[in-house]
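Colleague: Quick one: the structure is below, questions incoming.
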C-alpha cells in the first residue's frame, strides 16, 4: 500500500506541474479567458479530488502522521485556490488582480508540499521494501 501511496503522490506532483503549464498556455491564448482557462479549471478540480485521495491513501497505508497531515494540507490549499479566485472576481480592476496574484503563490506552495510528500513517500516505500527483503 505504501508503494501505491508513493505512486499517487508522484501523480499529484505531475498534475500540479501540468497545472502550471495549462495556466501559462491559457494566459497566452487569444481566446476569451473563460474558454482559454477551461483546461486549467478542470485540472484544478481534479487536483483537489486527487489530493483527497492521496490523504485517504496515506491514512490507509498508515503513513506517519506528519505525512498524512501534509497530504491534507494539499487538499486544503487546493480549496484555497477556489476561494482566491472567488474573492478576486468580487473586486474590480487592480485590486482583483493583486488578490488573484495569490493564486500563483498558493500554487507554488501546493507544488512544494506535494513535492515533499512524494519525496518522503518514495523514501518510506523504498525502506519498507528493503526491510521486507532483508533476511
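The values are calculated or read from the model by the stated rules, or taken from the named source; none is laboratory data. Here the structure is a predicted model, which means the values were calculated and not measured. Because the Cβ atoms are built from the backbone with ideal geometry, glycine has one as well, and the counts that use them run over all protein chains shown.
Colleague: Working only within the range 33-44, note down all residues that are assigned to a helix (DSSP H, G or I) and surrounded by fewer than 20 Cβ atoms within 10 Å (Cβ to Cβ). Spell out the reasoning first.
Modeller: Narrowing the range 33-44 to residues assigned to a helix (DSSP H, G or I): 33-36, 38-44.
Listed by number, the residues that qualify are 33, 34, 35, 36, 38, 39, 40, 41, 42, 43.
Colleague: Another question, then. May I ask you to list the residues in the range 1-24 that are under 13 Å from residue 107 (Cβ atoms), surrounded by fewer than 16 Cβ atoms within 10 Å (Cβ to Cβ) and modelled with pLDDT of 95 or more?
Modeller: 17, 18, 20, 21
Colleague: For the range 68-80, what are the residues that are surrounded by fewer than 21 Cβ atoms within 10 Å (Cβ to Cβ) and touching a residue at least 24 places away in the same chain (Cβ under 8 Å)?
Modeller: Matches in the range 68-80: 73, 75, 77, 79, 80.
Colleague: Scan (1) more than 14 Å from the chain's Cα centre (by Cα); (2) free of Cβ contacts under 8 Å to residues at least 12 places away in the same chain; (3) more than 18 Å from residue 122 (Cβ to Cβ) for the single condition residue 39 breaks and write down its number.
Modeller: (2)
Colleague: What number of residues in the range 45-99 are closer than 27 Å to residue 120 by Cα and assigned to a loop (DSSP other than H, G, I, E, B)? Please lay out each step first, then the result.
Modeller: Step one: filter the range 45-99 for residues closer than 27 Å to residue 120 by Cα, giving 45-81.
Adding the requirement that they be assigned to a loop (DSSP other than H, G, I, E, B) leaves 61-64.
Here the count works out to 4.
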